[in-house]
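Written out below as structure tokens is the structure these notes cover.
The values are calculated or read from the model by the stated rules, or taken from the named source; none is laboratory data. Quantities reported herein were computed from a predicted structural model and do not represent experimental measurements. Neighbour counts run over all protein chains shown; Cβ positions are idealised from the backbone, glycine included. Remember, those area values only see protein heavy atoms, side chains included, never the ligands or the DNA or RNA. Shrake-Rupley method; radii C 1.70, N 1.55, O 1.52, S 1.80 Å.
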Amino acid sequence: SFQVDILINNAAATSAKKIITEDGFEMQLQVNHFVPVYLTMKLLPYLEASKGFVITTASNAHKRTTFNPRAMEDKTMYRIFKRYQET
């Protein structure tokens with residue numbers, strides 16, 4: 001039987017150049033935002049069954065930017081740290 005008591009999402013990525021993943025997303029957005037959500041949703045039934053919990057870590061880089069929906073659609077100029085802040 002498979003059991004998950006604790007899930008710790010601790011992933012981050014940056015890239016000096018823009019990288020688009022095979023499934024069409026900008027790499028930093030996918031690794032820093034989509035992957036932790038995807039993994040959590042996949043493991044949620046096991047977490048619920050064991051009354052487990054999720055810890056997600058993040059830097060405070062987001063405090064130095066504002067949300068721009070165009071960045072989520074990859075329609076802003078690519079700047080490595082700016083994109084990291086946005087994700």
Neighbour cut-off at most 11 other Cβ (10 Å), DSSP loop, trypsin sites (Lys or Arg not before Pro), the chain | K17, K51, K75, R79
With the full set of protein chains in place, find how many percent of the accessible area of the chain is carbon and sulfur; take the probe as 1.4 Å.
-> 59
Range in the chain, longest, excluding exposed chymotrypsin sites (Phe, Trp or Tyr not before Pro) [loop by DSSP; at most 10 other beta-carbon atoms within 10 Å] = 3-66
Separation of alpha-carbon centers, the range 10-24 and the range 41-57, rounded to whole Å = 25
For the chain, what number of Lys pairs, 8 or more residues apart or on separate chains, have alpha-carbon atoms under 16 Å from each other?
-> 6
Per residue solvent-accessible surface (Å²) - the chain, probe of 1.4 Å = 72
Return one number: the angle in degrees, 0 to 90 and rounded to the nearest 10, between the long axis of the Cα atoms of helix 35-49 and the longest principal axis of the Cα atoms of the chain.
-> 10
Once normalised by the length of the chain, the mean sequence separation of its alpha carbon contacts under 8 Å that are 6 or more apart gives a contact order in percent of 42
If you place +1 on the Cβ of every Lys and Arg and -1 on the Cβ of every Asp and Glu, how big does the dipole about the Cα centre of the chain come out, in debye to the nearest 20?
-> 480
